[in-house]
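Written below as structure tokens is the structure these notes are about.
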Amino acid sequence: QVQLVESGGGLEQPGGSLSLSCVASGSISTIYTMGWYRQDVGKGREKVATITRSGDTVYSDSVRGRFTISRDNAKNRVALQMNTLEPEDTAVYYCYADILVQSASWASSYWGQGTQVTVSS
């Protein structure tokens, strides 16, 4: 069994910063791509940023230059530093990871429970 547990988020004013963290645990053999998605009320889930095991990153146009994704392979951890926040960044943020579990033949995608980020004055 694999779990992704997120922390961070909360309420911040426009222009401020917040950080998110996500740690994977369980019977893990290898973690491939990790990343963050977000979903606001009434909208579809949007990819925010992804990072490969080797550190290659991809950002959505809406956050590029403001958000930074990073990971610590030794700790099975992915983080998202969010700067210059805008009200449009308000959403539930979900961590995800493509994980090969022990005794499995291929990797599967796992998701965290989500954490609320609200940007408002």
Report summary line: Shape descriptors of the range 59-121 over alpha-carbon atoms, Rg and Dmax in angstrom, are 14.5, 49
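Could you tell me what percent of the DSSP beta bridges with both partners in the chain are antiparallel, to the nearest 5?
Expressed as a percentage, antiparallel bridges in the chain total about 95.
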Query - Nearest-0.05 FRET efficiency for Thr57 and Ala104, computed from C-beta distance (R0 22 Å) - result: 0.25
**Report entry** Karplus-derived HN-Hα couplings along the range 84-98 (A = 6.51, B = -1.76, C = 1.60, θ = phi - 60°), whole Hz, x at Gly and Pro
**Finding:** 6, 5, 10, x, 5, 7, 4, 4, 8, 9, 10, 8, 9, 8, 8
Report summary line: If unit charges are put on Cβ atoms (+1 for Lys and Arg, -1 for Asp and Glu) and the dipole of the chain is taken about its Cα centre, the option from Thr30, Val58, Ser17 lying farthest towards the positive end turns out to be Thr30
Query raised in the report: With charges only on Cβ, +1 for K and R and -1 for D and E, what is the dipole size of the chain about its Cα centre, in debye, rounded to 20?
Result: 280
Query - Gained length - Ser25 relative to Leu11, 0.36 nm times residue gap less alpha-carbon distance - result: 2.3 nm
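The numbers here are math on the coordinates, done by the rules we state, and not lab data. Every value quoted in this text rests on a predicted model; they were computed, and no experiment measured them. Ideal geometry is used to build each Cβ from the backbone, glycine not excepted, and the neighbour counts take in all protein chains shown.
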